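In what follows, a single structure is set out as structure tokens and then discussed.
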Amino acid sequence: MIQFRHVLLHAQKLIIHSLRTGSGVAFIFLTILIGLSLANLSITPVELGFTTAEEFRESASKAIGFALATASLRMGGENENGPPDTDILSRMESGDLIDLGMWARYLILDNPMLLSITVLLLGVVLPLILPLGSFTAISSDVQHRTVRYLLPRTSRLSLLVGRWLGTLFLSWVLILLLLFSVVVYLSIMLPPEATESMVPWAGRCLFSLCCLATPYVSLGILCSAVFRVPMVALLAAVGATVGTPLLALSLQEAWDPLGNLLYLLPWGYSHELLSPNGDKVFTAVAYSLGHSLLFMTLAAWRFRRADL
Amino acid sequence: MAASDRPGGLTALSVLNGFFALAVGGTTIQRFMTSYDLMEVAEGEVRGRGWRRRYLKSLLDEGLTPMDLQILALIGLVATLLLLVSIWGLLKRSNLIGRWLGTLGGVALAAFYILNIDWLPETYLRGSGLSIARQIFYPLFLIFMLHVIFRRDFLQAQGKSG
């Protein structure tokens, strides 16, 4: 039985507790530090004059097309004897990957390029950082047996959902702060005409990153509910996040359908959150929510049966 | 639970204070050295490699003076010392040395970075804009943590010792 007031109370307590613990401080600090470093990485080549904006746009467009082809499991070529890079590029210009070429151009030409690149990089790195915010949510209290003092006053489900909500809210606030810093900096650095479309696109990016964060936070909570030792929960969450794409892309070499293992986590569809096609965005959001629901259902099932 | 009842976040903040004290200490040394190089170039003493001399001359042409760099270095030195001293205060949960010197260290650190952006010419700062933004985040975070999240811990520790 879930009591809404209890859920909010658990969420609030988790946020305050996260800010007081070493792991919470490390999570906040690392998220902001790594996020701004990624933004710096995408902005510095243009800012330092290593390359012109046009050259950077051209090479970024190719790199994004390449990454999209990998993420959508469409790297296998029509002409497998040709050089892989030129093959992919020609396929993006006029072959079966033309939709990916247009998608890359949508991100680079139709919208603020530096913000798009930063958000794409964040989409790859955030799933690895987010478990830092959730690995102690349940396991810490289970390990120290302090959860026993809470359970006479509240239900297990309220506790689980409340802590999930608190972790999710904290992650969303950090993503908001991160994007806000990048947008303010880009608005100062770029000429005013280049920043007109920055705010609406930043809003879209914020929505995409928040949707992306939801299943990964839920995965962190699932690992925290399954494993009693917080460090094991952290290792399991990070291991699953890193291991799934590595395994899927290696096995795809052996047999193409095995590449679909990528869909065990949002890696297979998360890039579609930034698609120019509204239907694909809607589907990706629905998949994200479905994944989150699945992970939370498993966590609730495990936590309700756990001997605490 | 650890033997001490000090929150883990305070320990983490003291480690971060040490990290930022070292970072700003390194920048301070760099500012002092550049200011002496600028003085030499301004006085017409020809030393060092050609590109370095040309670079320093361009900084002088853009209106940067050795005095600006020395003031920045001095603020950096104050920030470094305050942050280093506050590490001990944070670990001991001392209201004066931990909370207030930490706050002053945070203010000095923020002032150091903001004045860097304001005073140094674009050629000097080029490519480091977002890394400065990243470093401004820490003093704000430190002050928020000391005065909102850990305020009660410092006051309780003060009450016990007093």
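Once neighbouring chains are kept in place and the probe is 1.4 Å, which whole percent of the accessible area of chain B is contributed by carbon and sulfur?
That fraction is 64 percent.
Under the definition of partner shielding as Cβ atoms of other protein chains within 10 Å of a residue Cβ, what is the mean value for peptide A:36-46?
Mean partner shielding for this stretch: 3.
Can you tell me the mean projection area, over all orientations, of the convex hull of the stretch A:145-200's alpha carbons? Units nm², please. Let's see the in-between values first.
Numbers: hull surface 22.4 nm².
Over all viewing directions, the stretch A:145-200 projects a mean Cα-hull area of 5.6 nm².
Relative to the Cα centre, what is the charge dipole magnitude of the protein assembly as shown, using +1 at the beta carbon of each Lys and Arg, -1 at the beta carbon of each Asp and Glu, and rounding to the nearest 20 debye?
2880 debye
With chain A treated as a Gaussian network of Cα nodes joined by springs under 10 Å, which of A:Ile138, A:Ile221, A:Ile32 yields the largest mean-square fluctuation?
A:Ile32
Less than 26 Å apart at the alpha-carbon level, and either on another chain or at least 8 residues along: which lysines does that give for A:Lys280?
A:Lys62
What's the center-to-center distance, using Cα atoms, between the stretch A:265-296 and the stretch A:92-147 in Å?
The stretch A:265-296 and the stretch A:92-147 have Cα centres spaced 11 Å from each other.
Any chance you could give the angle, 0 to 90 degrees and rounded to 10, that helix B:101-119 forms with the longest Cα principal axis of chain B?
20 degrees
Can you give the angle from 0 to 90° between the axis of helix A:84-94 and the longest principal axis of chain A, with both taken from C-alpha atoms, to the nearest 10?
The angle comes out at about 80 degrees.
Using only the Cα atoms of the protein assembly as shown, build the gyration tensor, take square roots of its eigenvalues as a ≥ b ≥ c, and label the shape rounded, prolate or oblate: rounded if a/c is under 1.5, else prolate if a/b is larger than b/c, else oblate.
In terms of gyration-tensor shape, oblate.
At q = 0.15 Å⁻¹, what is the log10 ratio I(q)/I(0) for the stretch A:102-175, with the Debye formula run over Cα points and no solvent?
One equal scatterer on each Cα of the stretch A:102-175 leads to -0.66.
Any idea what the dipole of the stretch A:185-304 comes to, in debye rounded to 20, about its Cα centre with Lys/Arg Cβ at +1 and Asp/Glu Cβ at -1?
Charge dipole of the stretch A:185-304: 640 debye, to the nearest 20.
What is the percent carbon and sulfur in the accessible area of the stretch A:176-308, measuring with a 1.4 Å probe over the protein chains and ignoring ligands?
Whole-percent figure for carbon plus sulfur exposure: 72.
Can you list the lysines whose alpha carbon sits under 28 Å from that of B:Lys160, skipping same-chain ones fewer than 8 residues off?
A:Lys13, B:Lys92
Over the stretch A:1-62, what portion of Cα pair distances is larger than 19 Å, expressed as a whole percent?
Details: 1120 of 1891 pairs.
Of the Cα pairs, 59 percent sit more than 19 Å apart.
Could you work out the local net charge near B:Gly98, counting Lys and Arg as +1, Asp and Glu as -1, over the other residues with Cβ closer than 11 Å to its Cβ? If you can, show how the numbers build up before the last one.
Working: positive: B:Arg6, B:Lys92, B:Arg93, B:Arg99; negative: B:Asp153.
That works out to +3.
Answer with one residue from A:Leu178, A:Thr214, A:His144: the one whose Cα lies farthest towards the positive end of the charge dipole of chain A, charges on Cβ with Lys, Arg +1 and Asp, Glu -1.
Going by the Cα projections, it comes out as A:His144.
Helix B:129-144 versus the longest principal axis of chain B: what is the Cα-based angle in degrees, 0 to 90, to the nearest 10?
It is inclined by approximately 30 degrees.
With +1 on each Lys and Arg Cβ and -1 on each Asp and Glu Cβ, how big is the dipole of chain B about its Cα centre, in debye rounded to the nearest 20?
In debye, rounded to 20, chain B gives about 600.
Calculate the all-directions average of the projected area of the stretch B:24-75's alpha-carbon convex hull, and give it in nm².
3.5 nm²
Rounded to the nearest whole Å², what accessible area per residue is found for the protein assembly as shown with the 1.4 Å probe?
With all protein chains present, the protein assembly as shown gives 49 Å² per residue.
To the nearest 100 Å², how much accessible surface do chains A and B cover up together, summed over both, with a 1.4 Å probe? Please report the intermediate quantities before stating the final value.
On the way: alone 15480 and 9310 Å², together 22930 Å².
Buried: approximately 1900 Å² between B and A.
Per DSSP helix of 4 or more residues, -39500 (n - 2.57); summed, then divided by the residues of chain A. What does that give at 222 nm, rounded to the nearest 500?
-25000 deg cm²/dmol
Skipping prolines and chain starts, which residues have an amide H placed within reach, meaning under 5 Å, of the one on A:Thr21, given they are 5 or more residues away or on another chain?
Distant-sequence amide H within range of A:Thr21: B:Gly9.
Go through B:Trp119, B:Trp51, A:Trp164 and list them by solvent-accessible area, largest first, probe radius 1.4 Å.
So the residues, ranked largest to smallest area, are B:Trp51, B:Trp119, A:Trp164.
Against the globular-protein guess of 2.2 N^0.38 Å, express the Cα radius of gyration of the stretch B:1-108 as a ratio, rounded to two decimals.
Cα-based Rg divided by the globular estimate yields 1.46.
The values are calculated or read from the model by the stated rules, or taken from the named source; none is laboratory data. Nothing here was measured: the structure is a model prediction, and the numbers come from that model. No Cβ is skipped: glycine too gets one built from the backbone with ideal geometry, and neighbour counts run over all protein chains shown. For accessibility, only protein heavy atoms count, side chains too; no ligands or nucleic acids. Shrake-Rupley method; radii C 1.70, N 1.55, O 1.52, S 1.80 Å.
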